[in-house]
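Chemist: I am attaching a structure below and will ask some questions about it afterwards.
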Amino acid sequence: MLELSNITVQYGVVKAVRGVSLKVEKGEIVSLLGPNGAGKSSLVSAAVGILPVAGGTIRFEGTDITKKPAETVVAMGLTLTPEGRRVFADLSVAENLHLGAATRKDRDGVAADIEKYLKMFPILGERYHQTAKTLSGGEQQMLAIARSLMSRPKLLMLDEPSLGLAPRIVDRIFELMLDLKRDGLTMLVVEQNATDALGISDRGYILASGSLVYEGDAKAMVDSEDLMEAYLGSGVH
Amino acid sequence: MEYFIQQLVNALSVGSEYALLALGLAIVFSIIGLVNFAHGELITVAGYAMFFAAATWLPNPWLALPIGIGGAALAAIVFEKVAFRAIRNASTNTGILTAFGVSIIVQNVFIIFVATRPKPVQTPDFLSSMITIGELTVPTLQVLETVVTTIAIAALLIILKKTTVGMAMRAASKDFMAVRLMGIKANWVIQSAFIISGILAGIAAVFIISRRGAVDPFMGSVPVLKAFVACVLGGLGSLQGAVIGGVALGVFEVLLQVTLPQEITAYRDAIVFGVVGLVLVAFPQGLLGRKVELGDKEA
Amino acid sequence: MNHLLRTARNSALPIIVLTAVGTLIYFFAEAYQVRIAYAFFMNLVVAIGLQVFMGNSGVVSFGHVSFMGVSAYVVAILTIPLALKKTQIPDAPFGLGFVQFDVVTAILIALAVTVAFAWVSGLLIKRVSGAAGEILTLAVLVICYVVFNAWIDLTRGPRSLYGIPIASSLPWAMLASAFVIFVAKFFRDSEDGLQLRASSENMLAARSMGVRVERLRLKAWVLSGFLVAIGGVLHATYLGTIGPNSYYFTQTFLIMAMVILGGMRSVSGVIVGTALISVGSELARTLENGPMVFGTKLPTMFGLTGFFLGAVIVLCMTLRRDGIMGDDEFEDVLRNRRASKAAKAAADTAAQAV
Ligand SMILES: Nc1ncnc2c1ncn2[C@@H]1O[C@H](COP(=O)(O)OP(=O)(O)OP(=O)(O)O)[C@@H](O)[C@H]1O
Ligand SMILES: [Mg+2]
């Protein structure tokens, strides 16, 4: 469904991603793991078109989107929930959700989706008319995910959805992703929290210093203690 | 009392004019960080659009009004497409200097193709009439200016609150990348901001031109300076700040005009700018400005 | 001392070239060409003066032409003969109608007054950063213009002051620009200049330096005010007559285009920019007046010069933001050329050795 081949991303002369190839098939959850500064955010940002790629091609559902700007890519059904949430702090929850649906014309469908996600994230319903900056970190992450979902993506990329959240909330978010998968959503999850992420994933990739160092089946990766120690610095306890 | 009310109406109308211009500047600044020096030339373009319309094929002063406003909006679109798009992600300095250049070009285009001398423009007669309510006589123009500005600000608020593009503009002023991640086209948001700034400048231009009765290539420079100062006074990039700064500036100016002895009124603009400078020393962020933190868009 | 010597060496090249060209023009060219050369050197002084602030602090200033105006007016008011003063500004305040200084004293006073004014305005400017600060510099320009126009008793208002003793000539302008080039380069490479430039390029560094940046900005502002004031002196003492319109937007456009085209971060850049703009606007002015070309008279096109300056600024900003020279001075360009030549030679010998 999403196919990155040989992607390079550069900031000036610094290469953040060096020739990485990666695939996500329809219906999968795929984890993209790696230490700080590995280039994970750079890679997904390039995939969605908010960063230019210095080399390689990106295909989404068979179409070459390498040169397409983010707004076009999102409208095609590939969306990113960026790192650090980045909800629109001065806008209300309702307005955030409406902007998420900006590409859609079906008013009724939008209304129905809002209804649906308010059920999925009851807290957003309670805070519906409050500005987003008054939400807690976990609530903001829920809002950020719901906002991304409002565009009805076919493939959702989540950049560190668990960052800075309490374990209980993290569990909620991972559960939610499984629900979304059951509804037919394909996902690519960037995570530092390797064990949990692999737990819900079908496959995983490990990125280090901008290069792919491992790819394989998620179950096998969790079980390989060596792998976890070597690249992710966290043994399985 | 009568004198007081007359001057109050006067002050509000001047303040409205500044508020309209400052709002346009603030909308553009808040979204792309551009200090649009060429904003004043929108007034000039509106003026010449009215002049040409009247002089050639549309000698109806009523039509001059929409033509002026449309001309300003169109000019705003052209400025954005031709000049500001190329420097979109550049520094504030690049923006301010580019806009400065655009402003010089436009002024000189009118000098080259029309003339340096002022050209008369006709606006509907009633704009120069007076309204009498009981004892009180005030110029129609001044009353209209305040009323129309209030309506324009209300309309703007509705747009910002209720429409997708309005929400996107508010969101983009903080985090443009996240707005694009919603599938919203950057060009669409930015162009809308320019169109709005053009329309607001066009409305102000209609009033300015009705008052002067003539257009010349430099007519935009003084009003835009005032609008800049209003923006800075209110806190650069803040829309409320622009309105409040504009009205405050207008009231202050009229106050000076009324209270200062005749021989000092020539210094009015110097005093206004000087006082604003002093205010900024006390409030470097402007009266309503927020402290800019590291990593924020530079303000 | 070391720094003085190095600056002397680095400014020698442009100074020598400019002096040579200036001398040739002074002795061999027609009177109107000498006038154009004088204008070039005068504008060079002002443009480099502006560069000292803009180039080092990274803050755009629209207000510097006012310093030119202040010093020109002070010189004028102090040197115009009493008889002429009585007809032009009979009600001059502070008893200025009854004093006349010799030119040198008047110039020193003018520079001192302008520096004092720059210092006071700088106290305000340094506090407000970013775009708001730049708008404030615009306020300086407007305030001065309004005062020049409104203080009729002192300045004769919108009408020109005339009768200033003509004390300057091309050699003086050349000398002044040599001095200004030296000072600008000295400041640029001084500890203060380096720190200020570092702060303008990196907001984080600027924050951590905090108060120091404000002080450095003030220093650059006052120094550049002083240098621009020299330009004002050159203006008044050459023309013998001045008016408020010389110190407003038109002059600001001109100087700004000069600084931007060459590259505001480099003194050498400003020299290049000033030379190019001077030639360009001279051409534009000729075209403006509808010259004869192949026997046909072209139509007059007033506004062409302004159009040209605006176009230069916009094109520069869209195509080559850092100007022609970017961060480089002439000596950097030469050194790089030499270095790349040496590298090439080394590569050649290495190739032969293989
Ligand atoms: N805007 C930028 N400018 C310059 N370098 C950058 C920029 N953003 C990221 N980098 C560099 O690119 C490299 C990869 O960064 P990236 O954010 O993609 O890593 P990451 O894997 O997402 O890390 P983390 O887990 O900390 O989020 C890092 O070395 C980083 O310093
Ligand atoms: Mg990251």
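Chemist: Let's test the formula: R0 of 25 Å, r as the Cβ-Cβ distance of B:Leu255 and B:Ile158. What FRET efficiency results, to the nearest 0.05? Before the final figure, lay out each step's value.
Modeler: Details: r = 32 Å, r/R0 = 1.29.
For R0 = 25 Å, the calculated efficiency reads 0.20.
Chemist: Using only the alpha-carbon atoms, how far is helix C:249-262 inclined from the longest principal axis of chain C? Give it as 0 to 90 degrees, nearest 10.
Modeler: Approximately 10 degrees, to the nearest 10.
Chemist: Using a probe radius of 1.4 Å on heavy atoms only, what accessible surface per residue do you get for segment B:24-178? Whole Å² is fine.
Modeler: Here the residues of segment B:24-178 average 40 Å² of exposed surface.
Chemist: Also: Setting aside same-chain residues fewer than 8 positions from B:Lys119, which aspartates and glutamates have a Cα under 12 Å from its Cα?
Modeler: Answer for B:Lys119, where 12 Å is the Cα cut-off: B:Asp216, listed by chain and number.
Chemist: Relative contact order of chain A, please, whole-number percent, based on alpha carbon pairs below 8 angstrom and at least 6 residues apart.
Modeler: Values: 455 pairs, mean separation 64.3, N = 237.
So the answer I get is 27 percent.
Chemist: List for segment A:92-132: residues with 10 Å² or greater reduction in accessible area, all protein chains versus chain alone, probe 1.4 Å?
Modeler: A:Glu95, A:His98, A:Leu99, A:Gly100, A:Ala102, A:Thr103
Chemist: Would you please classify the overall shape of the protein assembly as shown from the alpha carbon gyration tensor, given that a ≥ b ≥ c denote the square roots of the eigenvalues, rounded means a/c under 1.5, and beyond that prolate means a/b larger than b/c while oblate covers the rest?
Modeler: Note, shape of the protein assembly as shown comes out oblate.
Chemist: Still on this model: Expressed as a whole number of Å, what is the distance separating the alpha-carbon centroids of segment A:1-49 and segment C:233-268?
Modeler: Using only Cα atoms to place each centre, the spacing works out to 52 Å.
Chemist: Which whole-angstrom value gives the distance between the alpha carbon centres of segment C:158-187 and segment A:171-185?
Modeler: 75
Chemist: I've got another one for you. Quick test of the membrane-span-like rule: which DSSP H helices of chain A reach at least 15 Å along their long axis (C-alpha atoms) with mean Kyte hydropathy at least -1.0?
Modeler: Once both thresholds are applied, what remains is A:107-120, A:137-149, A:167-182.
Chemist: Students often get this wrong, so check it: of A:Lys67/A:Lys181; A:Lys67/A:Lys119; A:Lys26/A:Lys133; B:Lys226/C:Lys86, which have C-alpha atoms separated by over 31 Å?
Modeler: Long pairs (Cα-Cα over 31 Å): A:Lys67/A:Lys119; A:Lys26/A:Lys133; B:Lys226/C:Lys86.
Chemist: Using alpha carbons only, how many degrees (0 to 90, rounded to 10) separate the axis of helix C:211-239 from the longest principal axis of chain C?
Modeler: 60
Chemist: Checking an interface number: how much accessible area is buried between B and C, summed over both chains, with a 1.4 Å probe, in Å² rounded to 100? Present the calculation step by step, with values, prior to reporting the outcome.
Modeler: Working: alone 14570 and 17480 Å², together 28250 Å².
Protein heavy atoms only, the B-C interface buries about 3800 Å².
Chemist: Ignoring ligands, DNA and RNA, how much accessible area is buried between chains A and B, both sides summed, with a 1.4 Å probe, to the nearest 100 Å²? Spell out each step's value before the answer.
Modeler: Working: alone 10870 and 14570 Å², together 23670 Å².
Using a 1.4 Å probe on protein heavy atoms, the buried area is about 1800 Å².
Chemist: Let me ask you something else. Assuming R0 = 25 Å, can you tell me the calculated FRET efficiency for the pair A:Val13 and C:Ala346, based on Cβ-Cβ distance, to the nearest 0.05? Working shown, then result.
Modeler: Working: r = 24 Å, r/R0 = 0.96.
Efficiency computed from Cβ-Cβ geometry: 0.55.
Chemist: Using DSSP loop states and a limit of at most 15 other Cβ atoms within 10 Å to flag GluC sites (Glu not before Pro), what is the longest stretch of chain B containing no flagged site?
Modeler: B:136-292
Chemist: Counting other Cβ atoms within 10 Å, which trypsin sites (Lys or Arg not before Pro) in segment A:55-111 have at most 11 and lie in a DSSP loop?
Modeler: Those that pass, being in a loop and sparsely packed, are A:Lys67, A:Lys105.
Chemist: While we're looking at this one, here's another question. Within the set B:Lys81/B:Lys174; B:Lys185/C:Lys126; A:Lys23/B:Lys81, which residue pairs have Cα atoms separated by over 28 Å?
Modeler: Where the Cα-Cα span goes over 28 Å, the pairs concerned are B:Lys185/C:Lys126; A:Lys23/B:Lys81.
Chemist: OK, next. When the accessible area of each residue in segment B:153-177 is compared between its chain alone and the complete protein assembly (1.4 Å probe; ligands, DNA and RNA ignored), which residues differ by at least 20 Å², being lower in the assembly?
Modeler: B:Thr164, B:Met167, B:Arg170, B:Ala171, B:Lys174, B:Asp175, B:Met177
Chemist: Are there residues in segment C:136-155 whose accessible area shrinks by at least 40 Å² when all protein chains are included rather than the chain by itself, and which are they (probe 1.4 Å, ligands and nucleic acids not counted)?
Modeler: For segment C:136-155, once contacts with the other chains are taken into account, C:Leu136, C:Leu138, C:Val142, C:Ile143, C:Val146, C:Ala150 lose 40 Å² or more.
Chemist: Which cross-chain or sequence-distant (5 or more) residues have an amide H under 5 Å from the amide H of A:Thr81, H modelled 1.01 Å from N in plane?
Modeler: A:Met157, A:Leu158, A:Asp159
Chemist: Cross-link candidates for B:Lys161: which aspartates and glutamates have Cα within less than 20 Å, leaving aside residues fewer than 8 places away along the same chain?
Modeler: A:Asp90, A:Glu95, B:Asp175
Chemist: Solvent-accessible area per residue for chain C at a 1.4 Å probe radius, Å²?
Modeler: 44
Chemist: Starting at the first residue of segment C:79-89, write each ³J(HN,Hα) from the Karplus equation 6.51 cos²θ - 1.76 cosθ + 1.60 with θ = phi - 60°, in whole Hz, x for Gly and Pro.
Modeler: 10, 4, x, 4, 4, 5, 4, 4, 7, 8, 10
Chemist: Which longest uninterrupted range of chain C lacks any trypsin sites (Lys or Arg not before Pro) assigned by DSSP to a loop state (not H, G, I, E or B) and surrounded by at most 16 other Cβ atoms within 10 Å?
Modeler: It runs C:160-319.
Chemist: A further question on this structure: Whenever you get a sec, compute what percent of the accessible area on segment B:150-210 sits on carbon and sulfur atoms (1.4 Å probe). Please list the in-between numbers first.
Modeler: Numbers: 1510 of 2110 Å².
Within segment B:150-210, the accessible surface is 72 percent carbon and sulfur.
Chemist: Could you tell me the distance between the Cα centroids of segment C:103-152 and segment C:331-352, to the nearest Å?
Modeler: 48
Chemist: Follow-up. Against the longest principal axis of chain C, how steep is helix C:267-288, in degrees 0 to 90 to the nearest 10, with axes from Cα atoms?
Modeler: Result, in degrees: 60.
Chemist: As a check on your grasp of the helix formula, calculate [θ] at 222 nm for chain B: sum -39500 (n - 2.57) over DSSP H runs of n ≥ 4, divide by the residue count, round to the nearest 500.
Modeler: Rounded to the nearest 500, it is -23500 deg cm²/dmol.
Chemist: Further question: If you roll a 1.4 Å probe over chain C with all protein chains in place, what percent of the accessible area is carbon or sulfur?
Modeler: About 69 percent, which is the carbon plus sulfur part of the accessible surface.
The values are calculated or read from the model by the stated rules, or taken from the named source; none is laboratory data. Predicted model, so just to flag it, every value in this text is computed and none were measured. Note that each Cβ is placed from the backbone with ideal geometry, even for glycine, and that neighbours are counted across all protein chains shown. Just so you know, the surface numbers come from the protein's heavy atoms only, side chains and all, with ligands and any DNA or RNA stripped out. Shrake-Rupley method; radii C 1.70, N 1.55, O 1.52, S 1.80 Å.
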